[in-house]
Amino acid sequence: MRKPVRLEEQQSHGYFMKQKIAPWLFLLLPIIFTLWLKYYPILKAAYISLFDYDPIKQPGTFVGLKNYLTMFKTEFYWEAWSNTFVFLFLQILMAFFIPIIQALFLNELRKAKSTVSTLYLLPALIPTTINVIVWRWVWHPDYGVANQIVQFFGGQAQLWLSDPELVKFCIIFPGVIGGGINVLLYLSAIQNVSPDIVESAALDGCTGWKRIWYIVLPNIRYIIFIQLIIAVSTAMQMLDAPYMFAAGGPSGASTTQGIYIYNAFNKDFNYGRGSAASVILMIVVLIMTMIQMHFENAERE
Amino acid sequence: MKKNKQTKVRLSGSDLSLKIVAITVTVISLLLIMFPFVLTISNAMKDNTKIYDVPPKLLPDAANSMSVAVDYTCFQGTPEELLAQMQDDMVSTMFGTYTILNRESIFEIKFYGTQDGKTIFYGRAHQAQLQLEKDYGIYEGTVLKNQTLLYKDRGERAAQTIGYEYDPNGLTRRNAPQELQENAVTLLEQVFEKKFKLHGEISAATTAKHNSLLFESFAHYMKLPNYMYSRNETVAKYGFMTFVMNTVIVIGFAIISQVLLCSLCGFVISRLLSPKAGKWMILFFLGAQMIPFASIMLPQLIMYKNMGAYNNYTALLLPFLYPYGFYVYLFKGFFDKIPGSYFEAARLDGASNSYLYTRICMPLSKSIIALIALQTFLGNWNDFFWAWMVTERQDLWTLNVALYNISNNVSTKQNALMGISLVTILPVILICLAFSKQLKASIMSSGVKG
C-alpha cells in the first residue's frame, strides 16, 4: 500500500523542512488554545487545592493536602457522593433502558417508521431549562398533575421536589419519556445487524421474541455498553438538572458533586475545598473514561 | 406433518404478540413524549386563575370578549375633561373586570365612550396585557381598586399604555354596541358594586366567545421580559429578541469555530502528520474534552475574571475557541477516506497545504460539516451553567439563562412561563421537522462508526 500524501522523500531539503514544520504551524493555535482553556484550568484546580486560597492576595497560604483531609472528614462531602451515585443508579434504572426498548420495538414496525423516529427526536430539542419549567409544574404539590394522579389511585399527596426522599426520583423521572438521539443510534445499530444472520436464524425457527433476544440484542451489545459508560460518566457530572430543579436542596438531598463544587466556592467562598473536590471528581471521571477507552479498543481488535 | 404445522402456528403467534407489543409500546412512548407539549400548550392558553384550578383541566376554557359602552351625554365640560373621565372609566372597567370577574375567562375587554349617539372613544385590552401592567407595569404591587387605579396621573398613564382612540366628533370606524345583554349586565354589576366606579353610565354591554384570543396571549407573554427587566435598556427595547440574538450569537460562533478548528486539525492530523504523531494529537484533543466541566468551572471562572472576561461576550464565546476532540476525531476519520490520488495530483502541481485544505478537503466534506454543526447546535442548545455563571447583565443572557431566571422570579405567572417556553422551542422543532430526513441521516451515520 502506498502512503497517500507523504511525498517528502522526493522533495528538496528546504521543502522537507517546510513539510515537517508546516503541520505544526497549522496546529499551533488549536494546541495553545486547548492547553490554555482546558488543561491549564485543571492544573490550576490541582494547584489551588493545595492552598488556603485567597482571591484577593492570590494564591494565599500553602496548606498541602489539608483541604483534601478536612473535606474527606466532612459528612456533607460523602453525602454529595452518595447523592451522585443514587442519581446515577436511578438514571440507569429509569432512563437508560427506555431508548433501547423504544428502538427495538420501533424496528419491528412496518409502517410509519420514519415518522415515529422523527417524533422520537423531539425530546432532544427541549432544553433542560424548559424541561425543568414543565416538570416543576407537574410536581407542584398543590396544582400539579402528579398529585392528581396519585390521589386518583387512592394515594397520599406528596411534596415531591420539597421532599428529600423523593427529590432525586422527581429529577430523574422526566427521562422516562425516552426518545432523543439515542433511539436513532440504537435503531441504526439494529438495522446494521447483518440480514444474513437474521435470515439464517429465521430458518432455524428463531423469529419474533427469540430473534430480539438471541440475535438483535447480542449484536448491539457493544453500542449499549458504550452508551452505558457515557451515561455513567454524564451522570457523575450531573449539574444542570438538579440545580435547576431544586438548587441542591431540600437539605442537600439533591446536591451532586458538581453542585457541591459550585456551592463550595459560590456559597462558602472556600476555593481550596472546591478545587480539591474538582480534582477528585476529575480523577473519578478519568478512570471511567479509561475503562471506556479500554473496552472500545478491545472491541476494535 | 402435524407437528410441523403446530410449530408454525406457535411461531406466528410469537410474531403476532411481538407486533402487538411493539405497536403498544411505541404508541405509549409517543403519548408520553407528547405529554410535556400538551401540558405546556394547555397551560399557556389558560388564564391566570384557571391554571390554579384543581383538578387541572386539559382543555382551556373558551375565551370571552366583553364590550362595554358608556354614555356621557349628560356630561358638561371641556373636551379635555371628558377625555380624562373616559380614560379613567376605561381603566376602571378594564382592571375592574380583570380583578372581579377573574373566573369568567374574559380575555378581551372593549370599552366604548358615546355621546349623543356618537361613538367618540374606543379602547381595547387583552387580559394578558392587563396582567403585565398589574405585575410589572404601572400597578406593580398595588391592590387594585378605584382610588389606587386613578391615583394622581396613573389613570392617564395606564390609558396611554393600553392605547385608545378619541375623536370628539365621533369615530367613524368604531361602532359601540347598542344592546344590553342580561348576563353581561349582571357581571358588570358585580364589578361596579363596591371597589370600582364609573363617571358615565353604562348604555350597552355584550359578551361574545372568541377563541382566537387564546392565541393572542402569546404575543403578550413575549413582552414579559420587556416589563420584567425594564431597567436594562437593551432588554426593555428589544425584549425577548435580546435573548434569541444572544443564543444565535453563541451557537453561531460555536458552530463556526468548531467547524473551522476541528476540520483544520482533522486535516493536519490525517494528511500531514505521521500516524504516530497523529494518534498523540487525537489523544491530546480528546483528553481535553474529557475534562468534566464541573471540575474546571472554578479555576476557569477565576482565570476568566482575571482576564476581564466576565459579564461580557468574551466570557460567553471564549470556551468554544478550542477544538472538541470528538469532532477532530470525526473529521480525521472522514479525511482519511478521501482517496490519496486527489492530494498527490494537486501536490505535483505545486499546491500548498492550505490549498489542499480549502480547495480539496472542505468542498468534499459538506456532510460531515453538517453533522458537526448539528452536534454543536444540540450540545449548546442545552448549555446553561457557564452562561449563567458569567452573566449578570440581562442583555447578555442566552435563552436558557433568561428562562431560568424568569422561572425563578416569584411574580412570574405559570401561563406566561409556559407560553414563552413554547415560543422558544417551536421554531427549533419546526426547523428540525422540516430537515428531519437529513438530520436523522447524519445522526445515524455518526452512530455506525461508534
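The values are calculated or read from the model by the stated rules, or taken from the named source; none is laboratory data. Since this is a predicted model, take the numbers as computed values, not measurements. Quick reminder, even Gly has a Cβ in these numbers, built from the backbone with ideal geometry, and neighbours come from all protein chains shown. For the accessible areas, the whole protein counts, side chains as well, though only heavy atoms, and no ligand, DNA or RNA atoms are used. Shrake-Rupley method; radii C 1.70, N 1.55, O 1.52, S 1.80 Å.
Those residues that are open to solvent by less than 30 Å² (accessible area, probe 1.4 Å) and either within 9 Å of chain B (Cβ to nearest Cβ) or within 24 Å of B:Ile291 (Cα to Cα) (or both), I need them from the range A:208-223; list them, please. Within the range A:208-223, A:Gly208, A:Ile212, A:Ile223 qualify.
Any residue at all in the range A:260-268 that's out of contact with any Ser or Thr (no Cβ under 9 Å at 6 or more places or on another chain) and in a helix (DSSP H, G or I)? The answer is yes; a qualifying residue exists. In the set (1) aliphatic (A, V, I, L, M); (2) touching a residue at least 60 places away in the same chain (Cβ under 8 Å); (3) more than 10 Å from chain B (Cβ to nearest Cβ), A:Ala298 fails one condition alone, (2). If the condition is being more than 14 Å from chain B (Cβ to nearest Cβ) and in a helix (DSSP H, G or I), then the range A:139-196 contributes A:Trp160, A:Ser162, A:Val167, A:Lys168, A:Phe169, A:Cys170, A:Ile171, A:Ile172, A:Pro195, A:Asp196. The lone criterion from (1) touching a helix residue (DSSP H, G or I) at 6+ places or on another chain (Cβ under 7 Å); (2) without any contact (Cβ under 8 Å) to a residue 24 or more places away in the chain; (3) more than 8 Å from chain A (Cβ to nearest Cβ) left unmet by B:Pro299 is number (3). Across the range A:141-148, a minimum of one residue is classified as among the aromatic types (Phe, Trp, Tyr), surrounded by 14 or more Cβ atoms within 10 Å (Cβ to Cβ) and more than 28 Å from the chain's Cα centre (by Cα). Filter the range A:262-295 for residues that are crowded, with 21+ Cβ neighbours inside 10 Å and under 14 Å from the mean Cα position of the chain (by Cα) and give the result. Answer for the range A:262-295, where residues must be crowded, with 21+ Cβ neighbours inside 10 Å and under 14 Å from the mean Cα position of the chain (by Cα): A:Leu281, A:Val285. Can you tell me which of A:Phe169, A:Phe173 is open to solvent by 20 Å² or more (accessible area, probe 1.4 Å), modelled with pLDDT of 85 or more and under 17 Å from the mean Cα position of the chain (by Cα)? Every option except A:Phe173 fails the conditions. Taking B:Gln147 as the residue in question, decide whether it is of a type in the set (S, T, N, Q), more than 24 Å from B:Glu189 (Cβ to Cβ), out of contact with any Phe, Trp or Tyr (no Cβ under 9 Å at 6 or more places or on another chain) and not in a loop (DSSP other than H, G, I, E, B). Here the answer is no, as B:Gln147 does not meet what is asked.
Results for (1) at pLDDT 90 or above; (2) in a helix (DSSP H, G or I); (3) more than 32 Å from the chain's Cα centre (by Cα); (4) of a type in the set (Val, Ile, Thr), shown as yes or no for each residue.
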position: A:Lys18; (1), (2), (3), (4): no, yes, yes, no
position: A:Ile21; (1), (2), (3), (4): no, yes, yes, yes
position: A:Trp24; (1), (2), (3), (4): no, yes, yes, no
position: A:Ile31; (1), (2), (3), (4): yes, yes, no, yes
position: A:Trp36; (1), (2), (3), (4): yes, yes, no, no
position: A:Tyr39; (1), (2), (3), (4): yes, yes, no, no
position: A:Leu43; (1), (2), (3), (4): yes, yes, no, no
position: A:Gln58; (1), (2), (3), (4): no, no, yes, no
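Of the helices (runs of 4 or more DSSP H) entirely within the range B:268-322, those holding at least 2 residues that are more than 17 Å from A:Lys44 (Cα to Cα) occupy B:275-290, B:313-317.
On the stretch given as the range A:246-261, residues that are crowded, with 24+ Cβ neighbours inside 10 Å and free of Cβ contacts under 8 Å to residues at least 24 places away in the same chain total 2.
Screening B:Ser365, B:Ser411 for residues that are over 30 Å from the mean Cα position of the chain (by Cα) and either open to solvent by less than 20 Å² (accessible area, probe 1.4 Å) or more than 8 Å from chain A (Cβ to nearest Cβ) (or both) leaves exactly one candidate, B:Ser365. What pairs can you find where one residue is in the range B:360-388 and over 11 Å from B:Ile443 (Cα atoms), the other is in a helix (DSSP H, G or I) and of a type in the set (D, E, K, R), and their Cβ atoms are less than 6 Å apart, with a gap of 6+ or different chains? Here the result reads B:Phe384/A:Asp240; B:Phe385/A:Asp240, each pair linking the range B:360-388 to a residue that is in a helix (DSSP H, G or I) and of a type in the set (D, E, K, R). Just one of the listed residues (B:Leu82, B:Leu132, B:Leu101) is touching a Pro at 6+ places or on another chain (Cβ under 8 Å) and not basic (Lys, Arg), and it is B:Leu82. List pairs: first residue in the range A:19-48 and touching a residue at least 12 places away in the same chain (Cβ under 8 Å) and facing chain B (nearest Cβ under 7 Å), second residue among the polar types (S, T, N, Q) and open to solvent by less than 40 Å² (accessible area, probe 1.4 Å) anywhere in the structure, Cβ distance under 6 angstrom, at least six positions apart or on different chains. The qualifying pairs are A:Ala45/A:Ser275; A:Ala45/A:Ser278; A:Ile48/A:Ser275. For the range B:53-65, the candidate set comprises residues that are touching an Asp or Glu at 6+ places or on another chain (Cβ under 9 Å) and surrounded by 14 or more Cβ atoms within 10 Å (Cβ to Cβ); within that set, the residue that is nearest to A:Trp139 (Cα to Cα) is B:Pro60. Among the conditions (1) within 14 Å of chain A (Cβ to nearest Cβ); (2) closer than 30 Å to B:Phe335 by Cα; (3) in contact (Cβ under 8 Å) with a residue 40 or more places away in the chain, B:Ile255 misses just one, which is (1). Among the residues of the range B:302-319, which ones are open to solvent by 10 Å² or more (accessible area, probe 1.4 Å) and at the interface with chain A (Cβ under 10 Å from one of its Cβ atoms)? Those that are open to solvent by 10 Å² or more (accessible area, probe 1.4 Å) and at the interface with chain A (Cβ under 10 Å from one of its Cβ atoms): B:Ile302, B:Met303, B:Lys305, B:Asn306, B:Leu318, B:Pro319. Scanning the range B:174-214 for residues that are charged (D, E, K, R) and part of a strand (DSSP E or B) returns B:Glu201, B:Lys209.
When the range B:144-178 is filtered for residues that are open to solvent by 80 Å² or more (accessible area, probe 1.4 Å) and under 16 Å from B:Phe111 (Cβ atoms), the ones remaining, listed by number, are B:Glu156, B:Gln160, B:Arg173, B:Asn175, B:Gln178.
Scanning the range B:276-301 for residues that are of a type in the set (A, V, I, L, M, F, W, C) and open to solvent by 40 Å² or more (accessible area, probe 1.4 Å) yields B:Trp280, B:Leu283, B:Phe284, B:Met290, B:Phe293. Filtered by the rule that a residue be at pLDDT below 85 and small (Gly, Ala, Ser), the range B:77-104 gives a lone residue, B:Gly77. Scan the range B:332-350 residue by residue and report those that are part of a helix (DSSP H, G or I), within 12 Å of chain A (Cβ to nearest Cβ) and not aliphatic (A, V, I, L, M). Selection gives B:Phe335, B:Asp336, B:Gly340, B:Ser341, B:Tyr342, B:Phe343, B:Glu344, B:Arg347. Within the range B:351-362, the set of residues being assigned to a helix (DSSP H, G or I), open to solvent by 30 Å² or more (accessible area, probe 1.4 Å) and either over 13 Å from B:Leu264 (Cα atoms) or of a type outside the set (Lys, Arg) (or both) comprises B:Ser354, B:Tyr355, B:Thr358, B:Met362.
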